[in-house]
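> Dropping the structure in here first, questions after.
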Amino acid sequence: MGRLASFIFLFILIECVSVFLYANKEDIEVVSTDSEKINLLDVVDLKEGWKLLKESEGIRIYSRGVKGFALDEFLAVAIIDSPPEVICDVLLDVPSQPQWMAYCKKSRIVQHKSEFDFIFHHVIDFPWPLSDRDVLVTSISEMDFKKGIFLAKFRSFNKPIIPKLDGVIRLTKMMGKWDFKRTKSNRTLFIYNSSADPGGYIPSFLTNWFSKDIPFLTIKGMRKMVKKAKYIESAKKRNY
């Protein structure tokens, strides 16, 4: 019980410091270049129930309650200094997800209809003392890079096409999307949206961890991945 009490105290302390820091920031984020200014506040309609959870490093994280889901839905908005084609190639490289998706332990394609329509198995490394989670995900992507747009919708796939893992809780309710478009300076306005049921007990003080830290760290990871030469070169060779 001593370790559990220490774990709970640490998370409460982190959340208190986070609230103090973000409460003293001006509620505005404008990403600018020589050729354009993009106000991220214009991307999200607060009338739809979204509440700002975090803003840092040009990333804004919002959340709202969703009927039928134990955890809040999150919406992350950011500018990524890369064209949509390169980001698309990162997203389609499913086995690379542990390199950039927050707390992803393992990811692999298990059923392949096409390059843009597939099912993959994703394992999430939950913090101690919680059990890890896994989920089967069906993902379908649509794109028109002449117009500079890309949309990938994903949701949990509940047919048992692979067996459950020992000691791991399988998620059966998850859905979301990756939605992005080219900016005037050939960068990308990037939106990551997801809602999920954790498939078991999650302490209330950990819900912010799921809604705030996972999308924030995932976008930071994506920003690093798009700098890799393999994705830049493969995007140039594609005929979208």
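Each value in this text was obtained by applying a stated rule to the coordinates, not by laboratory testing. As the structure is a computational prediction, the values presented were derived from the model and not from experiment. Neighbour counts are summed over all protein chains in view; Cβ atoms, including those assigned to glycine, are modelled from backbone coordinates with ideal geometry.
> In nm, what is the difference between 0.36 nm times the number of residues separating LYS164 and ARG238 and their Cα-Cα distance? Let's see the in-between values first.
On the way: separation 74, 0.36 × 74 = 26.64 nm, distance 3.63 nm.
Residue separation times 0.36 nm, minus the Cα-Cα distance, leaves 23.0 nm.
> Could you estimate the translational diffusion coefficient of the range 29-237 from the Stokes-Einstein equation, with Rh from the Kirkwood formula over C-alpha pairs, at 37 °C and 0.692 mPa s, in whole µm²/s? Walk me through the numbers before you get to the answer.
Working: Rh = 17.8 Å.
Rounded to a whole number, D works out at 185 µm²/s.
> Determine, for LEU91, LEU52, the number of other Cβ atoms within 10 Å of each Cβ, and report the residues in order from fewest to most.
Details: LEU91 21, LEU52 16.
Listing LEU91, LEU52 from fewest to most nearby Cβ atoms yields LEU52, LEU91.
> Need the C-alpha centroid separation for the range 215-231 versus the range 60-136, integer Å.
The distance from the Cα centre of the range 215-231 to that of the range 60-136 comes to 13 Å.
> In nm, what is the difference between 0.36 nm times the number of residues separating GLU57 and VAL110 and their Cα-Cα distance? Before the final figure, lay out the partial values.
On the way: separation 53, 0.36 × 53 = 19.08 nm, distance 3.51 nm.
Value of the extension gain: 15.6 nm.
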